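**Q** One structure is given below, represented as structure tokens, and several questions about it will come after.
The values are calculated or read from the model by the stated rules, or taken from the named source; none is laboratory data. Small disclaimer: the values here were computed from a predicted structure and weren't measured. Positions of Cβ are generated from backbone atoms using ideal geometry, with glycine treated the same way; all protein chains shown enter the neighbour counts.
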Amino acid sequence: MLRRALRLGLGPGLLGRGLGAHREGSTLDWHGKVSEIKKKIQSVLPGGAWSPLCDTSHLPPEHSDVVIVGGGVLGLSVAYWLKRLEKRQGAIRVLVVERDHTYSQASTVLSVGGIRQQFSLPENIQLSLFSVEFLRNINEYLAVVDDPPLDLQFNPSGYLFLASEEGATIMENNVKVQRQEGAKVCLMSPEQLRKKFPWMNTEGVALASYGLENEGWFDPWCLLQGLRRKVQSMGVLFCHGEVTRFVSSSNHMETAIGEKVTLKRIHEVHVKVDHSQEYQPVECAIVVNAAGAWSGRIAELAGIGKGPSGTLQGTKLPVEPRKRYVYLWHCPQGPGLEAPLVADPSGAYFRREGLGNNYLGGCSPAEVSSVGSGCRGEDRDRVSLSSQASLAGPVLVLMSRSPLALTWGLLPPSTTYQADRLKRPARPGSDVCPGQRKPCPHLCPQEEEPDPGNLEVDHDFFQEKVWPHLAQRVPAFETLKVRRAWAGYYDYNTFDQNGVVGPHPLVVNMYFATGFSGHGLQQAPAVGRAVAEMMLEGHFQTINLSPFLFSRFYLGEKAQEHCII
Amino acid sequence: MAAPGASLRLVAPVWNRGTSGIRGLSRSVDPEGSQRKGRTLLQFLADHFYDVEAVREYLLQKQVLKVLRKNRSSTYIKERYGPYVAGAYFILKQGGAVKFQDKEWMRPNGRGLSGELWKLREVPIEAVDASGCAITYQGLDNLLALKELQSLSLQCCPHVDDWCLSRLYQLANSLRELSLAGCPRISERGLACLHHLQNLRRLDISHLPAVSNPGLTQILVEEMLPNCEVLGADWAQGLKLGPEEQSRDTASSPIPA
Ligand SMILES: Cc1cc2nc3c(=O)[nH]c(=O)nc-3n(C[C@H](O)[C@H](O)[C@H](O)COP(=O)(O)OP(=O)(O)OC[C@H]3O[C@@H](n4cnc5c(N)ncnc54)[C@H](O)[C@@H]3O)c2cc1C
């Protein structure tokens, strides 16, 4: 309040002084009040609204304890939990920087809003279970006095994963894990499928897993707006602008074994305000990278990945935008009200949209790790180990590392395997997708990733890659009419298709909440909490997300998720 | 206990208003947030309004807590007397009625619970009339444990929502009759989950204000449950039963014993 008052009352020239005053604590509020009253009186007087000095209220404050880059669902969730878990009300000043208030390209609003517990990793299942509880009680968590309750429009229709013969065993194992974690999932034979969903052709299906509770889809916009409204009422500041630069200081240190490392700390975030060349430096203690598909760029701005390859310094954040299409079609004879979200072994998926025989769906290329993200760990995960004998040596070296070195992120260089690094996995799809699907037969994923330069929709993609699978699975879809289509970006983690949370080991005050590759929306409530706990307490409390820390990219420890849609 | 209509009106504001904690309140009153030290007129007013808000908030909070408390399951009764007695106890406490197999309907009477209840450990419950009860998602646990339940009425339950409906598949083997009439929070999205209940023979989905398209929804539900008689929009219009006119007895009468 003081800040705005100062800006209005004294003009931008004197802004710098505000910073000192800000820290004085309680007295400042008194001054703040006084200047606010003055301001009010001024504005009531004739001509008072006119100020000879330009208005700077659109600029961000010059100081904030936490700056969150990206006002999507993940950024807002971090803001929410920071405010909720802070020890004393108003203790932490949080600023959310979002460059596009219409969210025209944000994944959050372009997603299909699904939530499920059918994952292969226990952490992912736990995240979704926490989130579903949050969504169920959303009007308690996100209630704002005198605002209407949120209507999340949750469709509890479940996910139905289909597995071919090769995928059946893995599906069974996954379901075992899911049940252990408390998810309500049942296995179904093709017989049972035909009985329950007579519109389905079960050819090529050996087994199916069906989520009975807590799975379905909801309105992402509602969650986003609900979070926004709530965090604003909790005192979180918003700023419309783009983060363009970080100012940081470096600390050169040496490890016990004499290796040099540089620890960095970000002091200032430069926010470029829309339609203008001016930028505003914001002094801050912590930066949260929640820029979704663009978080790789934000990490680069902070100097992450700029270093000799093979070192921790040279390890990039392997998150990049991947374009995914969603098509909405009409099919008069299509599946009825009972239809769940069906995920075909081919990678195609669809679900009902509303009541009028409308459906939406798409198809993702099969997930293939590696290629070009500059991550040292790329090819060294345990799964592909056997197929890549040439890498066996260095992997052993890696595994023998002391855990202590790990926690500090200061690791001895073992560059021996650099030469092998760029080797691709044996064959895209053949060994990396043991999950409940095999790659689209027509897709050679790496080559056919659509160009993420824009969000234009490729309608041939539906004709050639999506429709054939759909029509094969649901004969009624042989005649359908595409009504609408859009594209959005997955915040795709090329390393293991899983989220990145927690601090960076070298840029010590940058925290991540990104990389969730197509399941970030549903996990956002839980992830925000985990990141806030990490910041406030120094460790995870509710859900242990240590497999999702950044250091795994350097260590090559994949937290591979097999159930990716 | 209150008639369904009354309790409906009583509880509806709770979810309309949302149920934020008191903690979050001062923020929303004064989003810019400052600890007021000096004594100014401005502050006096803010304080004043803060109190008003706080009192309101506190009352709402208390109502919510009451509902929560009512919906807690009693593990003691469950362990000692089994799921049937525990379920019956829960429903009777809420003001509903239960019917044990080969017994008469049991209703709460002014004198507290009848002693007979505690002797029915092994007797399954076949029908529950929870019309107008403040059952929530948690409270539903008590009902879902009744594996022989054939008839369930949740008419005008203010807290029964789509999330609750998604749990009813647990009764799929036994449930033959279900009434959801007048539940303010049930929409077509929740009704879609009823396809699990393939033994259902009679379903009442009339008077559901949150269903956007009652006619179409009824047709789709009928298609989804081909062996079930679905009572929907037109049936309800013929009856013109406002929640106010519904007394406990008329509310429960559509469920034959
Ligand atoms: C087609 C599609 C379907 C999906 N389906 C599902 C699903 O069913 N279930 C599910 O859980 N998830 C789904 N997802 C994934 C989910 O949408 C994302 O994982 C999630 O929304 C990520 O949230 P976010 O806040 O990180 O990203 P975003 O919503 O993209 O937010 C990031 C924000 O950061 C801003 N930003 C970027 N750079 C800067 C900068 N330099 N300065 C300031 N601001 C910046 C951007 O403008 C953007 O608004 C889907 C995604 C797509 C594309």
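**Q** Taking residue A:196 and the conditions (1) surrounded by fewer than 21 Cβ atoms within 10 Å (Cβ to Cβ); (2) more than 11 Å from chain B (Cβ to nearest Cβ); (3) farther than 30 Å from residue A:105 by Cα, which numbered condition does it fall short on, given that it satisfies the others?
**A** So the condition that residue A:196 fails would be (2).
**Q** Looking at A:182, A:114, A:167, can you tell me which residue is within 16 Å of the ligand (Cβ to nearest atom) and away from every other protein chain (no Cβ under 13 Å)?
**A** A:114
**Q** Which one of these does residue A:137 not meet: (1) closer than 19 Å to residue A:520 by Cβ; (2) within 13 Å of chain B (Cβ to nearest Cβ)?
**A** Going through (1) closer than 19 Å to residue A:520 by Cβ; (2) within 13 Å of chain B (Cβ to nearest Cβ) one by one, residue A:137 breaks only (1).
**Q** Follow-up question, since we're still on this one. Which one is surrounded by the fewest Cβ atoms within 10 Å (Cβ to Cβ) among residues in the stretch A:319-339 that are farther than 28 Å from residue A:548 by Cβ and within 13 Å of the ligand (Cβ to nearest atom)?
**A** Applying the filter and picking the extreme gives A:328.
**Q** List, please: which pairs have Cβ atoms under 6 Å, are six or more places apart or on different chains, and start with a residue in the stretch B:149-169 that is more than 14 Å from chain A (Cβ to nearest Cβ) and end with one that is surrounded by fewer than 24 Cβ atoms within 10 Å (Cβ to Cβ) and assigned to a loop (DSSP other than H, G, I, E, B)?
**A** So the pair list comes out as B:149/B:174; B:150/B:174; B:150/B:176; B:151/B:255; B:153/B:255; B:156/B:243.
**Q** Further question on the same structure: Taking the conditions exactly as written (over 20 Å from residue B:101 (Cα atoms) and touching a Lys or Arg at 6+ places or on another chain (Cβ under 7 Å)), does residue B:137 satisfy them or not?
**A** yes
**Q** For residue A:136, work out the one condition from (1) touching a helix residue (DSSP H, G or I) at 6+ places or on another chain (Cβ under 8 Å); (2) of a type outside the set (A, V, I, L, M, F, W, C); (3) buried (at least 23 other Cβ atoms within 10 Å of the Cβ) it doesn't fulfil.
**A** The one condition residue A:136 does not meet is (3).
**Q** Go through the stretch A:493-526 and give me each residue that's part of a strand (DSSP E or B) and within 9 Å of the ligand (Cβ to nearest atom).
**A** Within the stretch A:493-526, A:513, A:514 meet the criteria.
**Q** Yes or no: residue A:35 of a type in the set (Ser, Thr, Tyr) and modelled with pLDDT under 75? Before the answer, list the steps.
**A** On the way: of a type in the set (Ser, Thr, Tyr): yes; modelled with pLDDT under 75: yes.
Criteria met by residue A:35.
**Q** Criterion first (surrounded by 15 or more Cβ atoms within 10 Å (Cβ to Cβ), within 30 Å of residue B:226 (Cβ to Cβ) and away from the ligand (no atom under 16 Å from the Cβ)) does residue A:264 satisfy it?
**A** No, not satisfied.
**Q** Something else: I'd like to check something: does the stretch A:211-220 contain any residue that is within 13 Å of the ligand (Cβ to nearest atom), within 25 Å of the chain's Cα centre (by Cα), hydrophobic (A, V, I, L, M, F, W, C) and more than 10 Å from every other protein chain (Cβ to nearest Cβ)?
**A** Checked the stretch A:211-220: no residue is within 13 Å of the ligand (Cβ to nearest atom), within 25 Å of the chain's Cα centre (by Cα), hydrophobic (A, V, I, L, M, F, W, C) and more than 10 Å from every other protein chain (Cβ to nearest Cβ).
**Q** For the stretch A:64-100, give me the residue count where each residue is near the ligand (Cβ under 9 Å from one of its atoms) and surrounded by fewer than 22 Cβ atoms within 10 Å (Cβ to Cβ).
**A** 2
**Q** Let me ask something else about it. Has the stretch A:240-252 got any residue that is closer than 21 Å to residue A:506 by Cα, within 13 Å of the ligand (Cβ to nearest atom) and within 21 Å of the chain's Cα centre (by Cα)? Don't jump to the end; show me each part of the working.
**A** In the first step, residues of the stretch A:240-252 are kept if they are closer than 21 Å to residue A:506 by Cα; the result is A:243-252.
Among the residues that remain, those that are also within 13 Å of the ligand (Cβ to nearest atom) are: A:243-246.
Those still in the list that are within 21 Å of the chain's Cα centre (by Cα) too: A:243-244.
Looking for residues that are closer than 21 Å to residue A:506 by Cα, within 13 Å of the ligand (Cβ to nearest atom) and within 21 Å of the chain's Cα centre (by Cα), one finds at least one in the stretch A:240-252, hence yes.
**Q** Among the candidates A:309, A:276, single out the residue that is surrounded by fewer than 18 Cβ atoms within 10 Å (Cβ to Cβ), away from the ligand (no atom under 16 Å from the Cβ), over 28 Å from residue A:118 (Cα atoms) and among the hydroxyl-bearing types (Ser, Thr, Tyr).
**A** Answer to the selection: A:309.
**Q** Which one of these does residue A:147 not meet: (1) acidic (Asp, Glu); (2) surrounded by 20 or more Cβ atoms within 10 Å (Cβ to Cβ); (3) within 8 Å of chain B (Cβ to nearest Cβ)?
**A** The single condition residue A:147 does not satisfy is (2).
**Q** Is at least one residue of the stretch A:546-564 within 15 Å of the ligand (Cβ to nearest atom), touching a strand residue (DSSP E or B) at 6+ places or on another chain (Cβ under 7 Å) and closer than 15 Å to residue A:319 by Cα?
**A** Yes: one or more hits.
**Q** Another question, if that's okay. What single numbered condition from (1) touching a residue at least 60 places away in the same chain (Cβ under 8 Å); (2) assigned to a loop (DSSP other than H, G, I, E, B) fails to hold for residue A:277?
**A** (1)
**Q** Could I ask something else about it? For residue A:271, indicate whether it is within 12 Å of the ligand (Cβ to nearest atom), surrounded by 14 or more Cβ atoms within 10 Å (Cβ to Cβ), assigned by the TED database to the domain that holds residue A:499 and part of a strand (DSSP E or B).
**A** yes
**Q** From the set of residues in the stretch A:86-119 that are in a loop (DSSP other than H, G, I, E, B) and small (Gly, Ala, Ser), which is nearest to residue B:166 (Cα to Cα)?
**A** The qualifying residue nearest to residue B:166 (Cα to Cα) is A:113.
**Q** Name every residue in the stretch A:480-492 that is within 16 Å of residue A:456 (Cβ to Cβ) and away from the ligand (no atom under 14 Å from the Cβ), in order of residue number.
**A** A:482
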